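A short write-up of the structure that comes next.
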Amino acid sequence: MSESQIVVLIVLLFYSPVFYHLVLAIKEDREGVRKVLKRFYRYLKISFLCLFILLIGTLIISHTNYFDYEKPIKFERYDQITFENFRGIELFKKSLYGNERFAYVVTSIDSEIEEDGVVVQSLFHPSRSFVYKKNVFSKELLSHEKYHFKITELYARKAKKEISSIEHIDKPQIRNIIRKAKNEENSFQKQYDHDTFHSYVYSEQNRYEKEIDSMLVLLSDYMNPKVEYHEND
Amino acid sequence: MKTINQFLLSLLALIVLSCGSDKHDFPLDKRYWDVKDYDNAARELRFGYEKDEQLPMFDNPESRIIVEKLTDHQNYKVVLDDDELGLKYRNNIAEKFFEEWKGMTKIYLARDRKDQYLYEKELLAVRHFGLGLQIKYFDLGNQQIIKNSDDPNSSETKRVVNSNIKTLVNNYLNYLDQINNEESFTASGQKILGQGIEKYFNELIDHYPDADYTGLVNKAELLLKKSKSTDIQQPLQKLITRLDAKQSSKSY
């Protein structure tokens, strides 16, 4: 039985009381029909509401697993990340190209414009990142996923480098730089997955790892999340 | 009552739609097919199609992507050519690919009542896939033997390596057996068959220039006399000429 058929079956079971009352309504004599129909609509309304709440709840948990929440991890703790930190739940996607042994990582560039500077940092979101089995021993899979985090850090540093070169504080310009970094990071992440085919192409994986590491070293001056303003008047 | 009818109709439509799914499932959006994908695809193509159902063909725009994916040499090259992967691992994968390929050769064998192949292009593409794969497979196997040997120059190691090369050449000879059935191919099929000789046999000789090709020359000469297709005769003649030239240069 396919997944969609299972969903339909669940919905049908869920609505079985509604159907029951519907059948009763049809069977009832004309005088009683109105009364039974009223009950039917009431059941329909309640069940729709329950289903809606259930759906929203499922979507929220699927996005961020609040049942096993861990706050976002900063890049300075990169070396401590293991699959134990991948706490997300995947309710919909059961495989990646037919492979059930898969993982994905969610990272982001977080920014805040302050009075004396700008904080730009990369974050790893444990409760949104998923691995098919937490105790899996796969250095290659973990390394591939963790390099996604390094890519995010790389573009955070690139943004900081660009921000630090601004002579006059210009908030829209800063926001623009961060937006551009995010877009570029997104494209790079896609290219990385495409070229390495999610780490399947080992030589490409190695090439990317070397390239990313060397670029991070080149931008090591921008390791600190905060870029302070040094405005020249 | 109208609302109830609409509700029931919508529900029925939902059930019907949800039951409709693709009859044959292939991971077509996957960039490279691995051994597992080949296992599933070959099984589906061999046993998942009804007797009178058309298999994926190059000439069918809807299904050509399946056979293109199935016969894409990149699928094995991406692993077997990757020097950064371990030799043992690559050898293992090559062996698995080879086993899958043996199953694939049984997919497109159907013929019509005039003994003509129904899927000649696909049949030959699968054969070509195997020819390309086998060079890599035997090469990795030999590299492994040499690596594991205490003395790579020992006569025993050389004997095993040469025996493997001989097996490879014999496997290539199987491709030439198709010429005995050349009347089962159309003119364009015979052309593809000839192109296969030109491409893959030259690759074999380039890869193993010192191998013993006596059996290959003998077979090629016999088939040259037998074949009625110029598209097959020409590459056979070129092959014989190349091997003869090699043989005569060796004897000096």
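Which fully enclosed helices (runs of 4 or more DSSP H) of the range A:117-233 have 1 or more residues being modelled with pLDDT under 95, surrounded by 13 or more Cβ atoms within 10 Å (Cβ to Cβ) and away from every other protein chain (no Cβ under 14 Å)?
Because the criterion is at least 1 residues that are modelled with pLDDT under 95, surrounded by 13 or more Cβ atoms within 10 Å (Cβ to Cβ) and away from every other protein chain (no Cβ under 14 Å), the helices (runs of 4 or more DSSP H) in the range A:117-233 that meet it are A:139-164, A:171-196.
Determine which member of the set A:LEU44, A:LEU12 is within 11 Å of another protein chain (Cβ to nearest Cβ), surrounded by 12 or more Cβ atoms within 10 Å (Cβ to Cβ) and without any contact (Cβ under 8 Å) to a residue 24 or more places away in the chain.
Just one listed residue meets the conditions, A:LEU12.
Check whether at least one residue in the range A:32-39 is open to solvent by 70 Å² or more (accessible area, probe 1.4 Å) and over 44 Å from the mean Cα position of the chain (by Cα), and report yes or no.
Scanning the range A:32-39, I find at least one residue that is open to solvent by 70 Å² or more (accessible area, probe 1.4 Å) and over 44 Å from the mean Cα position of the chain (by Cα), so the answer is yes.
Mind checking which pairs have a first residue in the range B:94-123 that is more than 28 Å from B:ASP139 (Cβ to Cβ) and a second that is part of a helix (DSSP H, G or I) and open to solvent by less than 90 Å² (accessible area, probe 1.4 Å), Cβ under 6 Å, 6 or more apart or different chains?
Qualifying pairs under 6 Å: B:ASP115/B:SER184; B:GLN116/B:SER184; B:TYR117/B:LEU123; B:TYR117/B:SER184; B:GLU120/B:GLY189.
Looking at the range A:55-71, can you tell me whether even one residue there is within 14 Å of chain B (Cβ to nearest Cβ) and either more than 27 Å from the chain's Cα centre (by Cα) or more than 17 Å from A:VAL106 (Cα to Cα) (or both)?
No, the range A:55-71 contains no residue that is within 14 Å of chain B (Cβ to nearest Cβ) and either more than 27 Å from the chain's Cα centre (by Cα) or more than 17 Å from A:VAL106 (Cα to Cα) (or both).
To keep it simple, each residue is scored yes or no on (1) of a type outside the set (Lys, Arg); (2) outside any loop (DSSP other than H, G, I, E, B); (3) more than 14 Å from chain A (Cβ to nearest Cβ); (4) under 19 Å from B:GLN134 (Cβ atoms).
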| position | (1), (2), (3), (4) |
| --- | --- |
| B:ALA41 | yes, yes, no, no |
| B:GLU53 | yes, no, yes, no |
| B:VAL67 | yes, yes, yes, no |
| B:ASP72 | yes, no, no, yes |
| B:LYS77 | no, yes, no, yes |
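Got at least one residue in the range B:108-115 being away from chain A (no Cβ under 14 Å), over 21 Å from B:TYR200 (Cα atoms), part of a helix (DSSP H, G or I) and out of contact with any Gly (no Cβ under 7 Å at 6 or more places or on another chain)?
Scanning the range B:108-115 turns up no residue that is away from chain A (no Cβ under 14 Å), over 21 Å from B:TYR200 (Cα atoms), part of a helix (DSSP H, G or I) and out of contact with any Gly (no Cβ under 7 Å at 6 or more places or on another chain).
Do we find a residue being in a strand (DSSP E or B) and among the charged types (D, E, K, R) anywhere in the range A:103-113?
yes
Given the range B:151-252, what helices (runs of 4 or more DSSP H) lie entirely inside it while holding 3 or more residues that are open to solvent by 70 Å² or more (accessible area, probe 1.4 Å) and farther than 26 Å from B:LYS136 by Cα?
B:214-226, B:230-251
Pairs please, first residue from the range B:134-158 and closer than 18 Å to B:GLU100 by Cβ, second anywhere and among the β-branched types (Val, Ile, Thr) and surrounded by 16 or more Cβ atoms within 10 Å (Cβ to Cβ), Cβ atoms under 6 Å, 6+ apart in sequence or on different chains.
That search, which allows pairs on different chains as well, returns nothing.
Would you check if there is a residue in the range B:126-139 being more than 18 Å from B:LEU45 (Cβ to Cβ), at pLDDT below 95 and open to solvent by 20 Å² or more (accessible area, probe 1.4 Å)?
The answer is no, given that none of the residues of the range B:126-139 is more than 18 Å from B:LEU45 (Cβ to Cβ), at pLDDT below 95 and open to solvent by 20 Å² or more (accessible area, probe 1.4 Å).
Within the range A:78-97, take every residue that is among the basic types (Lys, Arg) and open to solvent by 70 Å² or more (accessible area, probe 1.4 Å) and give me the one that is nearest to the chain's Cα centre (by Cα).
A:LYS93
With the structure loaded, tell me whether B:GLU68 is modelled with pLDDT under 95, among the acidic types (Asp, Glu) and open to solvent by 40 Å² or more (accessible area, probe 1.4 Å) or whether it fails that test.
no
The values are calculated or read from the model by the stated rules, or taken from the named source; none is laboratory data. Keep in mind the model is a prediction, meaning the values are calculated, not measured. Backbone-built Cβ (ideal geometry, glycine too); neighbour counts: all protein chains shown. With ligands, DNA and RNA removed, areas are computed over all heavy atoms of the protein, side chains included. Shrake-Rupley method; radii C 1.70, N 1.55, O 1.52, S 1.80 Å.
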